[in-house]
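Down below is the structure, laid out as C-alpha cells.
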Amino acid sequence: MFSVDVADGKGLPLVVKELGTYDLYPQVSEYSSSSRDVPFYCSVSSYFKSQSDDRQSSDSDRDSSEGLADSDDDDDKNMLKESNMPTFEEIKEITIRRSRLVKWLNEPFFKELIVGCFVRIGIGKSESGAVYRLCMVQSIDGADPNGHYKVENRITHKYLVCVWGSESSAKRFQMAVVSDSSPLEKEFRQWVKEIERSCSQMPSKASVLDKREAIRRTINYVYFAPTVKQMLEEKKAAPTRPLNVAVEKDKLKRLMEVAKRKNDEAEVERICAKLLELDTAREARDNDSRAKRLVEMNRKNKFDNFKNLSEHRNLQVNLKLGEVGYDPFSRRWTRSRNYYNAEGK
C-alpha cells in the first residue's frame, strides 16, 4: 500500500490501496449532509476523471489549433507560390519568333538576351496539325563553325539549346524549326504541368519581367566601335557571299610576315590553318565548277547531235541515186514491200 498526498478541501487525507479503492480517515466528527449522501471516493474519482478530461480536451484543442495553423501556413505558401509564378501573358511577351531570331542573329546582345527567353519549337505533326512545345532557351551553341544551315534568307552555325521542364531534357535545335507565331495558352499549361511533374524550378515573375524589359531596351541599343568590328567579322565569316580567295590569301600572307617578325608562333599557326582552309575551299569549289561545266557540255553536245541528225536525215531524203552525198546504206523512211514467187510451188 502506498499513500498520495491529496486532500478534498476539508483536510481529509487519502490512502490509496493497491486494489485501487480509497479509504477515508476523518479528522473531524461532523459531516455535512452532502458528504454523507455522496461517498468521498466517488468525488475523488470524479475529480481525477475531470482533470484527465480537461487535459485531453486541452491537448485536442492544441492539436486542432496546430492543424489550423499548419493549414494556414500551407495556404500562405500556395498563395505566395502563385503570386511568384509568371502568367501566360508575361511568358508570351518574352517568347521570340523565328523572324526576330534571324533579325538579331549577328547582334552583339544576341547570346545574352536570348538565353532565358522562350521559343515555340515544332516537334512534329498530328491529325489536327503541327505540334509545338513551349521551351526555354538554356544556351547558344556556336562551337562548330562548319555546322552551317539555312534559316529563311540567312546562313548560320548557331544552334539553340532548349529545355522543356527539367534540365535533363536539354536538346539542340536549329532556328529553322522555331515557329514564327505566338504561343497558345494550351502550350503554356502543358509546360507548367511538365515543370510540376519533373519537380523543376520555374522562372520567377521578377526574372521574366527583367527579361521583358531587356527586350524592350534593344530598341535604343547603342553600338560602339568594338561591337561594330565584331559584327563585321561575324558577317564576313558567314558564307553568305562568295569570297575572293586570291585577295584573302594575299592579306593573310602579309599578316603572317608581321607575325613572323614579332615571333608570334600562335598567330603564324592560325594564319597557316586559315590558308589551308582557303586552299581546301577553293579546290572544292573548283571541282564543283568543273563538274558543272562538264554537265553543261554534255547537255549542249546532246542537243547539237540531235539537231545534226535531224538535218542530215532531211538531206538524205531529198538526195537521189548518183548525187553527191548520197549514201545507199543509210536508213530511209520507206513503206515495206512483200516479195513472193507464186510459180515456185
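The values are calculated or read from the model by the stated rules, or taken from the named source; none is laboratory data. Everything numeric here is computed off the predicted structure, so don't read it as measured data. Every residue, glycine among them, receives a Cβ derived from its backbone with ideal geometry; neighbour counts consider all protein chains shown.
Got at least one residue in the range 307-320 being at pLDDT 85 or above and not acidic (Asp, Glu)? So far as the range 307-320 goes, no, none of its residues is at pLDDT 85 or above and not acidic (Asp, Glu).
Screening Arg120, Arg100 for residues that are under 12 Å from the mean Cα position of the chain (by Cα), at pLDDT 85 or above and among the charged types (D, E, K, R) leaves exactly one candidate, Arg120. Scanning the range 93-113 for residues being touching a residue at least 24 places away in the same chain (Cβ under 8 Å) and part of a helix (DSSP H, G or I) gives a total of 8. Each residue in the range 145-193 was checked for being in contact with a strand residue (DSSP E or B) (Cβ under 9 Å, 6 or more places away or on another chain) and acidic (Asp, Glu), and 3 of them qualify.
Considered as a group, the residues in the range 100-151 that are of a type in the set (Asp, Glu) and surrounded by 14 or more Cβ atoms within 10 Å (Cβ to Cβ) include one that is nearest to Ser181 (Cα to Cα), and that residue is Glu107. Looking at Val163, Val178, just one residue is surrounded by 15 or more Cβ atoms within 10 Å (Cβ to Cβ), under 29 Å from Arg197 (Cα atoms), over 9 Å from the mean Cα position of the chain (by Cα) and among the β-branched types (Val, Ile, Thr), and that residue is Val178. Close contacts from the range 244-257, counting a first residue that is surrounded by 12 or more Cβ atoms within 10 Å (Cβ to Cβ) and a second that is of a type in the set (D, E, K, R), with Cβ to Cβ under 6 Å and a gap of 6+ residues or different chains, come to Val245/Arg282; Leu252/Lys274. Evaluation of Tyr339 against the conditions (1) at pLDDT 70 or above; (2) of a type in the set (Ser, Thr, Tyr); (3) surrounded by 10 or more Cβ atoms within 10 Å (Cβ to Cβ) shows that the sole unmet condition is (3). Please specify each residue of the range 140-176 satisfying the condition of being at pLDDT below 90 and among the β-branched types (Val, Ile, Thr). Selection gives Val151, Ile155, Thr156.
With the condition kept exactly as written, say whether any residue in the range 215-230 is within 30 Å of Ser168 (Cβ to Cβ) and either within 20 Å of the chain's Cα centre (by Cα) or not assigned by TED's automatic domain parsing to the domain that holds Gln138 (or both). Yes: the range 215-230 contains one or more residues that are within 30 Å of Ser168 (Cβ to Cβ) and either within 20 Å of the chain's Cα centre (by Cα) or not assigned by TED's automatic domain parsing to the domain that holds Gln138 (or both).
Which members of the range 123-136 meet the condition of being at pLDDT below 90 and either hydroxyl-bearing (Ser, Thr, Tyr) or in a loop (DSSP other than H, G, I, E, B) (or both)? Across the range 123-136, the qualifying residues are Ser126, Glu127, Ser128.
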